[in-house]
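The values are calculated or read from the model by the stated rules, or taken from the named source; none is laboratory data. Just so you know, these numbers come straight off a predicted model, no measurement behind them. Every residue, glycine as well, gets a Cβ built from its backbone with ideal geometry; the counts of neighbours run over all protein chains shown. We work out accessible area using only protein heavy atoms, side chains counted, and drop any ligands, DNA or RNA first. Shrake-Rupley method; radii C 1.70, N 1.55, O 1.52, S 1.80 Å.
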Amino acid sequence: EEHLRTSSDLYRKIGTPADSLLLPALTNLATVRLEIGDDKGEQVTIREVTDVLAKVESLSPITRAYIHNALSISFDQKGDYERGLYHQTLSAELFTEYYGQQHHLAMLIRANLLVSYYSMDKQKELEQGLSQLYEDLHSDKLESLRFADACNIVGSIYQNLNVLDQAEELLSRAK
């Protein structure tokens, strides 16, 4: 925690050129504080991350996408699924906008978003997202771990929904 706090202070002093380094350092610090049970410190750090995100316009879309993804994980770990979903949705939108909807990382982030929709019983969003991602997974022949993970996640959701043809097809592509 001390090293993360020191690096955050250093990046903060440097200012705008280091903002893309400050946010991951602060996000990591929030995660460490959460893991050691420092809820108050974690909340203060998360507030600082969201303040920097709101104020700093010079951040690249991909940096914003990674930070929103990290924030979604942090909120999910705390059981604040609505706020986690908010940041996960922003992350998926930014990754998709930056890379395109058929990029393997964008597909993986979108697949993770579908898991949240499924677990939160958001049927309309789940159905729309499943349909689009299913098509995108078929239009690509990528052989990467992220692509395989996306196929596995979406195939598992179809399996849970008892849509076995799509489940079997995607799960076999994940191998």
- Message: Can you confirm whether ALA111 is more than 25 Å from LEU21 (Cβ to Cβ), more than 11 Å from the chain's Cα centre (by Cα) and surrounded by 16 or more Cβ atoms within 10 Å (Cβ to Cβ)?
- Response: no
- Message: Just the residues that are over 16 Å from LEU29 (Cα atoms), surrounded by fewer than 18 Cβ atoms within 10 Å (Cβ to Cβ) and among the polar types (S, T, N, Q), please, taken from the range 70-88.
- Response: none
- Failed item in (1) at pLDDT 85 or above; (2) open to solvent by less than 50 Å² (accessible area, probe 1.4 Å), with GLN43 passing the rest: (2)
- Listed by range, helices (runs of 4 or more DSSP H) wholly within the range 93-175 having at least 1 residues that are touching a residue at least 40 places away in the same chain (Cβ under 8 Å) and among the β-branched types (Val, Ile, Thr) are 104-119, 145-160
- Message: Given (1) closer than 22 Å to GLU1 by Cβ; (2) open to solvent by 30 Å² or more (accessible area, probe 1.4 Å), identify the lone condition not met by ALA30.
- Response: (2)
- Residue list for the range 121-163, filter: closer than 13 Å to ILE109 by Cα and among the small types (Gly, Ala, Ser): GLY129, ALA148, ALA150
- Message: When the residues of the range 7-27 are narrowed to those that are surrounded by 12 or more Cβ atoms within 10 Å (Cβ to Cβ) and hydroxyl-bearing (Ser, Thr, Tyr), which ends up modelled with the highest pLDDT?
- Response: THR27
- Which listed residue is surrounded by fewer than 17 Cβ atoms within 10 Å (Cβ to Cβ) and more than 17 Å from the chain's Cα centre (by Cα), from SER131, SER156: SER131
- Item | Test: residue in the range 57-69 that is open to solvent by 40 Å² or more (accessible area, probe 1.4 Å) and among the aliphatic types (A, V, I, L, M) | no
